[in-house]
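Notes to accompany the following structure.
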Amino acid sequence: MAHTVQTDVVVVGSGPGGAGVVRDLTRAGKKVHVLEMGRDVPPLGTAFGGAMSYTGGLLGTLSMRQGVLLTGEMLTIMRGVTTGGSSMVYLGTAHDPDPEMWAPFGFDLKTEAEQRKQEIGVAPLPDELIGSGAHAVGKAAVDLGYDWTKLNKFVDPKKCVEDCNVCIYGCHHGAKWHARDWIMTAVSAGATLLNEHKCERVLTEGDRAIGVRVTERGGRSFDLHAPKIVLAAGGIGSPAILRNTGVTEAGRSLFFDPFVMTTGVFDAVQRPGAMMATGMHLKEEGILITDLQYPFLVMALQGVMAVKPSAIWRYRQSLPLMIKIRDEMTGTIDESLRVTKPLTRNDRDKLAEGKRIATKILEAAGAKEVWHSRIGAAHPGGTCAMGTVVDENLETRFKGLHVCDASVVPVPFGIPPTLTCLALSKRLARHLVGNGAS
Ligand SMILES: Cc1cc2nc3c(=O)[nH]c(=O)nc-3n(C[C@H](O)[C@H](O)[C@H](O)COP(=O)(O)OP(=O)(O)OC[C@H]3O[C@@H](n4cnc5c(N)ncnc54)[C@H](O)[C@@H]3O)c2cc1C
Ligand code: SF4
């Protein structure tokens, strides 16, 4: 052990959950250290320099241990491993937290979510930024009797560029909000960001957390001491750290909101528009369906994996719809990031029903052919569930050790998580400042 460092608050992870805490605590005058195991890469808007770097670089991505993980059932889970976490690759859709999920714990996150929406400037996109295919599909869905509407976006329409659609590569136009934006502002205001620094475990003394054990790139370890620790390492990272700390109840449940893409192939070329601008949420059924015009390379990869190579030469005539479902919390994750996620009969029935509805809508919009992708997932969570691993103040059984990310969601989820993570971070920062986080 080379040395130890002392600070007020350590935040592990720089995705939306961590960035919200870092922003608010830095503004409240706290000395904050942010540990981020990934490299810092600005939003580049490119597939190889950008998206690939956010998931751990070529080798990291191919290793299936960083930004892309493979479950025991051979399903892929995607996450960002970089400053800004998964928000570097997310599609910028903002969905309000579901108050029913939090009601048993005595709060609803409504005020916190509204505050975050104001801070970022969340709103639907104007018509001209929405692609022709999304407009046609929306009209067909409404004609069929569905409640298909524009979605709220973490996107500034004044900066968003018509027909750009590379949100998944990071937005180099400054239109899509990334958690990295808030981290960098906090760094300018005095926070310390340590990239390529991995938190191995939390150090405890009796029933208190006193710091974290950190490994730098190159393998050197040191201890960072603070009276308050916030784990915001995401639905995959936080349970692994807790299990290494001896909190064995972490990682015993996992949802990941599995999705399939149902793609319609039209006679006419489809003007792309921004990614995921419109859609509908069938809350009772646990099914979310949206438009989602991927950039060419992502679509080509999906086509190859689904043995549908025509996706490559018919890309410009194609319009994918994304079907995402609220799955049961049947998964597990351990301290070595081994993930199991058996889909239940119920999960598979929901995916099949979503594909049926999406096909109906695409055909009504004029699609001549429809094909379906393999199942993927990008919303791991529920692994440090409130009520089991953390209390209503996001505190674990170790005093001073909190968790603030998608892992604390207590029940099956099925909606875009970012606004929920941001609202939780607002609530936690207020609680920590109120309780003297110094
Ligand atoms: C392709 C894609 C599209 C998406 N689209 C949307 C969307 O449109 N809307 C939406 O709301 N959500 C979307 N999401 C999901 C959303 O991005 C995540 O749910 C959200 O970012 C979760 O935030 P978080 O704070 O829980 O964790 P993350 O964003 O995953 O951040 C966790 C961070 O912790 C770091 N970390 C992990 N372990 C350690 C460790 N041991 N030490 C140090 N650092 C560590 C990671 O490198 C990462 O940077 C999408 C996700 C993906 C992958
Ligand atoms: S479509 Fe808009 S938000 Fe998405 S990358 Fe392009 S400019 Fe940014």
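In summary, the lysines within cross-link reach of LYS341, defined as a Cα separation below 17 angstrom excluding same-chain residues under 8 places away, comprise LYS324, LYS350.
Principal-axis analysis of the Cα atoms of the chain puts helix 179-188 at an angle of about 40° to the longest axis. Taking a straight line from the alpha carbon of LYS399, these lysines sit under 23 Å away, with near neighbours fewer than eight places off in the same chain left out: LYS30, LYS31, LYS198, LYS228, LYS426.
A straight Cα-to-Cα reach below 14 Å connects LYS355 with the aspartates and glutamates GLU285, ASP291, ASP347, GLU363, GLU369, residues fewer than 8 places away in its own chain not being considered. In plain terms, the bigger the Kirkwood radius, the slower the diffusion; for the stretch 290-438, with that radius from Cα pairs, at 37 °C and 0.692 mPa s, Stokes-Einstein puts D at 179 µm²/s.
Counting only the Cα atoms, the stretch 173-220 fills a convex hull of 133 Å³ per residue.
The ranking of GLU128, GLU200 by Cβ neighbour count inside 10 Å, starting from the fewest, reads GLU128, GLU200. For the stretch 255-323, the calculated P(r), taken from all Cα-Cα distances in 10 Å bins from zero up to the bin holding the longest distance, is 20, 50, 25, 5 percent.
Over all pairs of different C-alpha atoms, the stretch 112-247 has a mean inverse distance whose reciprocal, the Kirkwood radius, equals 19.0 Å. For the stretch 319-336, 3J(HN,Hα) computed residue by residue from phi via the Karplus equation (6.51, -1.76, 1.60; θ = phi - 60°) reads 9, x, 10, 9, 10, 10, 10, 8, 8, 6, 8, 8, x, 9, 9, 10, 5, 9 Hz, glycine and proline entered as x. Across all Cα pairs in the stretch 89-191, the calculated P(r) in 10 Å bins from zero up to the longest distance comes to 13, 34, 33, 17, 3, 0 percent per bin. Working note: Cα gyration tensor of the stretch 140-187, eigenvalues times five, square-rooted, sorted largest first, giving semi-axes of 30, 13, 9 Å. The per residue volume of the convex hull around the alpha-carbon atoms of the stretch 220-363 is 185 Å³.
Using 0.36 nm per residue and subtracting the Cα-Cα separation, the extra length available between GLU200 and ALA103 on full extension is 31.6 nm. Note on PHE259, PHE154: ascending count of other Cβ atoms within 10 Å places them as PHE259, PHE154, the fewest first. Helix content alone sets the calculated 222 nm mean residue ellipticity of the chain: runs of n ≥ 4 DSSP H residues at -39500 (n - 2.57) each, divided across all residues, give -8000 deg cm²/dmol. With no solvent and one equal point scatterer placed on each C-alpha of the stretch 1-151, evaluate the Debye formula and give log10 I(q)/I(0) for q = 0.16 Å⁻¹, two decimals. The computed values of log10 I(q)/I(0) come out as -1.21.
By the count of neighbouring beta-carbon atoms within 10 Å, fewest first, THR83, THR55, THR330, THR61 end up ordered THR330, THR61, THR55, THR83. Across the chain, Cα-Cα distances exceeding 33 Å account for 30% of all pairs. Extension gain for LEU301 to THR192 (0.36 nm times residue separation, less C-alpha to C-alpha distance): 35.4 nm. Alpha carbon centre of the stretch 177-204 versus the stretch 396-438: separation in Å? One Cα centre to the other: 16 Å.
None of the figures in this text is laboratory data; all of them are computed from the coordinates on show. Being a predicted model, the structure only gives us computed values, none of them experimental. All Cβ positions, even for glycine, are placed from backbone atoms using ideal geometry, and neighbour counts span all protein chains on display.
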